[in-house]
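I have placed the structure first, in the form of structure tokens, so that the comments after it can refer back to it.
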Amino acid sequence: MKFAIIVFPGSNCDHDCYYIVKHVLGRPAGFVWHKEKDLSDFDIVILPGGFSYGDYLRTGAMARISPIMKAVEEFAKRGGLVLGICNGFQILLEAGLLPGAMLRNKSLKFICKDVYLRVDNINTPFTVNYIENQIIKMPIAHAEGNYYIDGETLNRLKKNNQIVFRYSNCSGDISEEVNPNGSLGNIAGICNDRGNVLGMMPHPERCGEGILGGDDGYTLFESVVYYMQFRQ
């Protein structure tokens, strides 16, 4: 079981992802440069956070046409697990692997802080080790995390249980007061209809050990390993 961590020009959370996979989780991991075209040696793909291509045009717009993305798309179509974190989520949206788009934060300011999330779907490879409606805490760090989607597709996400994480308070209540960026429905993370592609704005790799102030993110990576072992 080997993790691929895609590296674009401007990625800055790639080593964070490598560290938690390799040194905390104890699993093989490798960096894959954006000009590569082959993912055949890997079982899980991570698109890390950062500012790919300096966020020129739109966040993720240029990374979406990098050579590696064709391989990522084919990997996902075969049922491979793909995790997009922050900028990685934005890239997945631009690539059409997840529905919707990212707007500027409602405050028009960069936000960097810990937030509470409610786990709304534990029936994905990324959340099987969480508890239904569990409240977790993770950091966010973005300027364009305001998730938007049309009403018809939003209803489809709800019907298919594709909303995985939502911003909440420490009791799990969902309200505009605890929505850090204006995301529609307090959405912090969604999956595709097959459940093998997850995009999320919070950073689980930054809260994978107690020394970092919390380890709620560790459970996400642990879930992936558990799922892959069970599937095999």
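The values are calculated or read from the model by the stated rules, or taken from the named source; none is laboratory data. No experiment lies behind these values; they were computed from the predicted model shown. All Cβ positions, even for glycine, are placed from backbone atoms using ideal geometry, and neighbour counts span all protein chains on display.
Output the residue which, of all residues in the range 86-102 that are out of contact with any helix residue (DSSP H, G or I) (no Cβ under 7 Å at 6 or more places or on another chain) and farther than 12 Å from VAL45 by Cβ, is surrounded by the fewest Cβ atoms within 10 Å (Cβ to Cβ). First the steps, then the outcome.
Narrowing the range 86-102 to residues out of contact with any helix residue (DSSP H, G or I) (no Cβ under 7 Å at 6 or more places or on another chain): 86, 88-90, 92-93, 96.
Next, from what is left, pick out any that are farther than 12 Å from VAL45 by Cβ: 86, 89-90, 93, 96.
Numbers: CYS86: 29, PHE89: 29, GLN90: 30, LEU93: 25, GLY96: 9.
Among those that are out of contact with any helix residue (DSSP H, G or I) (no Cβ under 7 Å at 6 or more places or on another chain) and farther than 12 Å from VAL45 by Cβ, it is GLY96.
Of these, LEU97, LEU93, LEU103, LEU108, which one is at pLDDT 95 or above and on the phi > 0 side of the Ramachandran plot?
LEU108
Are any residues in the range 120-150 over 21 Å from ILE91 (Cα atoms) and either of a type in the set (Phe, Trp, Tyr) or out of contact with any strand residue (DSSP E or B) (no Cβ under 8 Å at 6 or more places or on another chain) (or both), and if so, which ones?
Those that are over 21 Å from ILE91 (Cα atoms) and either of a type in the set (Phe, Trp, Tyr) or out of contact with any strand residue (DSSP E or B) (no Cβ under 8 Å at 6 or more places or on another chain) (or both): ILE122, ASN123, VAL128, ASN129, TYR130.
Do the conditions hold for ASN146, that is, is it over 30 Å from PRO28 (Cβ atoms), without any contact (Cβ under 8 Å) to a residue 24 or more places away in the chain and crowded, with 16+ Cβ neighbours inside 10 Å?
No; evaluated as a whole, the condition is false for this residue.
Can you name every residue in the range 45-60 that is in contact with a Pro (Cβ under 7 Å, 6 or more places away or on another chain) and in contact (Cβ under 8 Å) with a residue 60 or more places away in the chain?
Matches in the range 45-60: none.
Table: residues versus (1) hydroxyl-bearing (Ser, Thr, Tyr); (2) touching a helix residue (DSSP H, G or I) at 6+ places or on another chain (Cβ under 9 Å); (3) modelled with pLDDT under 95; (4) buried (at least 24 other Cβ atoms within 10 Å of the Cβ).
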residue: VAL178; (1), (2), (3), (4): no, yes, no, no
residue: ASN186; (1), (2), (3), (4): no, yes, no, no
residue: GLY195; (1), (2), (3), (4): no, no, no, no
residue: LEU220; (1), (2), (3), (4): no, yes, no, yes
residue: SER223; (1), (2), (3), (4): yes, no, no, no
residue: TYR226; (1), (2), (3), (4): yes, no, no, no
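What are the residue pairs meeting all of these: first residue in the range 61-78, first residue over 11 Å from PHE8 (Cα atoms), second residue at pLDDT 95 or above and part of a helix (DSSP H, G or I), Cβ atoms under 6 Å, and 6 or more apart or on different chains?
Here the result reads ALA61/GLU94, each pair linking the range 61-78 to a residue that is at pLDDT 95 or above and part of a helix (DSSP H, G or I).
Please enumerate the residues belonging to the range 86-95 that are in a loop (DSSP other than H, G, I, E, B) and either touching a Ser or Thr at 6+ places or on another chain (Cβ under 6 Å) or more than 17 Å from ASP193 (Cα to Cα) (or both).
Within the range 86-95, CYS86 is the sole residue that qualifies.
Report whether or not VAL197 is farther than 19 Å from LYS106 by Cβ, in contact (Cβ under 8 Å) with a residue 24 or more places away in the chain and in contact with a strand residue (DSSP E or B) (Cβ under 8 Å, 6 or more places away or on another chain).
The answer is yes for VAL197.
For the range 59-85, which positions are part of a loop (DSSP other than H, G, I, E, B) and exposed (fewer than 15 other Cβ atoms within 10 Å of the Cβ)?
ARG78, GLY79
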